[in-house]
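Report on one structure; see the data block that follows.
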């Protein structure tokens, strides 16, 4: 506790500055997620405070981030679509998934997974981060030009026939659930259908229109229509925001340019009473727990999203621990990865209970905190309290912020989050794989696969596929390298020192082979060719296994096949220097003693040579 208050002045200044920087981003991420600006604020308040209090990185500032928001946006859209387009109806399930992600993070921390996160391949992270940027840019084009599919009457009109079908289908489902759907009598169905109002059809049509335009593919589908319906005021507000963000940085970095853009552009729009689109109303007062996520809990509602929650928790872990590394480099300290995961999990769990979107360690906010003097956990806690005070004091004013201004802020976030380091390296990376005449870099291929799949299909599956491809390619490379070093393919090889005095008259009858390195799936094809190398005059094969430290199942069966082939050809096999692990493997499937009796296994070559001299005669 004493350590916590050892730098009050620096932590206060760092926390307040980081809280101010976080404000526009929290609002923007909340709007982008689909749950509204208050969800972004609640996430920033609770994650910042509790992740700092319980985490393992003293100077880290946490809250909603671009990657976490992009994944959350996909989750939210999917659950809302499954709940007839109603955010209020879908909210308990959404928040339950976020809570589950937080609890999984806590579990990962206790299991000690934190130290393994660094093994995720760079091309996967690079492709994912660039995809996040592309997704944000594509999804923010529509609000930045003031086009909202639900408000385009001609576009919505196209969905009325489909809306009527959906409403009728829901009526039939309700009747089936109530046990009154009878094929011989549709009187109740007809009565209920007559009660459908034009407003209900319009609402359903708007939901379907919004669903059609959601995500990157949806945004691209409606882009031509949007460009014909540009609201120039909204576009100017977005462009003005972007120009201030980039321009003000050239003047000074002491004041966050994002905040300057938010205040200036919102002030112009509100002060001149321009007819702009506002963000949704931010509720006043202290945030209250959303207990319906517990009272209406149903395991069936969240079972399809368990894998999604796991992926969200892993993404939050990666995002946070990467920021922790940045903080370590700046402060010359060392974070505790598992404790950091526990802190992030607690922060995300509590934020979900209050209706906040999930988050992680935020690099820019952490850097701002350190540069402003933050040194202990108190700075992150102060940042959370600062955001709560701003929300309580300025909530009604913040509700006047133009939606286009937040879209402009998000466009700069999308541009900033892309991994330009990885993109610039594409031409210089070695082309180590072939597709016919085409040569490619395996790392570039992985990055592009993750980038394309994340952008146009599914963020979660894209990362999984990227990890699998990266792992397979890694195993192939290591297999090739190890097989090369294992030296099981060369027939002409130098005799080892203890073989120099081998009887010359027995060299035709005895074939000696050295196995150097593990016998595993990467080297089995070369090992299987060993039988073809044995001279036809040989009646005995000596396998020197003192340097074969490891054998996997593929190697085990390759050995069995070779021994079977040699036995069929009446060739005896002697083992020299067999180590513990390979012996254990061979004993499990009875290679020892069925193919190689114990008396044919020798501790050293000297003992083996004595047996050879006593049992093998020169026949050639």
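What follows draws every value from the coordinates through simple rules; no lab data is involved. Nothing here was measured: the structure is a model prediction, and the numbers come from that model. Positions of Cβ are generated from backbone atoms using ideal geometry, with glycine treated the same way; all protein chains shown enter the neighbour counts.
By its C-alpha gyration tensor, with a ≥ b ≥ c as the square roots of the eigenvalues, how is the stretch 424-485 shaped: rounded for a/c under 1.5, else prolate for a/b larger than b/c, else oblate? Note, shape of the stretch 424-485 comes out oblate. Spin-label pair residue 421-residue 505: with each label point 7 Å from Cα along the Cα-Cβ axis, the two points sit 7.0 nm from one another. To the nearest ten degrees, helix 257-271 and the longest principal axis of the Cα atoms of the chain are 20 degrees apart. Among 347-359, 64-76, 570-582, sorting by the average number of other beta carbon atoms lying within 10 angstrom of each residue, highest first, gives 347-359, 64-76, 570-582. Spatial offset of the stretch 596-618 relative to the stretch 12-28 amounts to 77 Å, using the alpha carbon center of each.
Per-residue ellipticity at 222 nm computed for the chain from its helices equals -20500 deg cm²/dmol, with DSSP H segments shorter than 4 residues left out and the rest contributing -39,500 (n - 2.57).
How large is the translational diffusion coefficient of the stretch 37-174 in µm² per second when you combine the Kirkwood radius over alpha carbon pairs with Stokes-Einstein at 10 °C and 1.306 mPa s? Let's see the in-between values first.
On the way: Rh = 18.6 Å.
For the chosen part, D equals 85 µm²/s.
Using 0.36 nm per residue and subtracting the Cα-Cα separation, the extra length available between residue 221 and residue 268 on full extension is 13.7 nm. For the pair residue 281 and residue 589, label points projected 7 Å from Cα toward Cβ lie 7.1 nm apart. Taking every DSSP bridge with both residues inside the chain, close to 35 percent are antiparallel.
How far is helix 306-331 tilted off the main Cα axis of the chain, in degrees rounded to 10, range 0 to 90? For 306-331 against the chain, the angle is about 90 degrees. Compared with the alpha-carbon gap, the fully stretched path from residue 392 to residue 457 is longer by 19.5 nm at 0.36 nm per residue. Evaluated over the Cα positions of the stretch 194-248, the convex hull gives a direction-averaged projected area, one quarter of its surface, of 5.8 nm². Computed from the coordinates I sent, Cα Rg over 2.2 N^0.38 Å equals one of (1) 1.30; (2) 1.43; (3) 1.00. Tell me the label. Matching the structure shown: (1). Distance from the C-alpha centroid of the stretch 29-66 to that of the stretch 319-340: 17 Å, rounded to the whole angstrom. A straight chain from residue 569 to residue 553 at 0.36 nm per residue would run longer than the Cα-Cα distance by 3.3 nm.
Taking the Cα atoms only, what angle lies between the long axis of helix 198-212 and the longest principal axis of the chain, rounded to 10 degrees? Compared with the principal axis, the helix lies near 40 degrees. Over every Cα atom in the stretch 497-615, the radius of gyration and the widest Cα-Cα span, Dmax, amount to 13.5, 38 Å. The Cα atoms of the stretch 14-97 cover 44, 24, 19 Å along the three principal axes, with the biggest extent listed first.
Label sites at residue 255 and residue 6, each approximated as a point 7 angstrom past Cα along Cα to Cβ, lie 3.5 nm apart. I'd like the FRET efficiency for residue 604 and residue 433, computed as 1/(1 + (r/R0)^6) with the beta carbon distance as r and R0 of 51 Å, rounded to 0.05. Efficiency computed from Cβ-Cβ geometry: 0.75.
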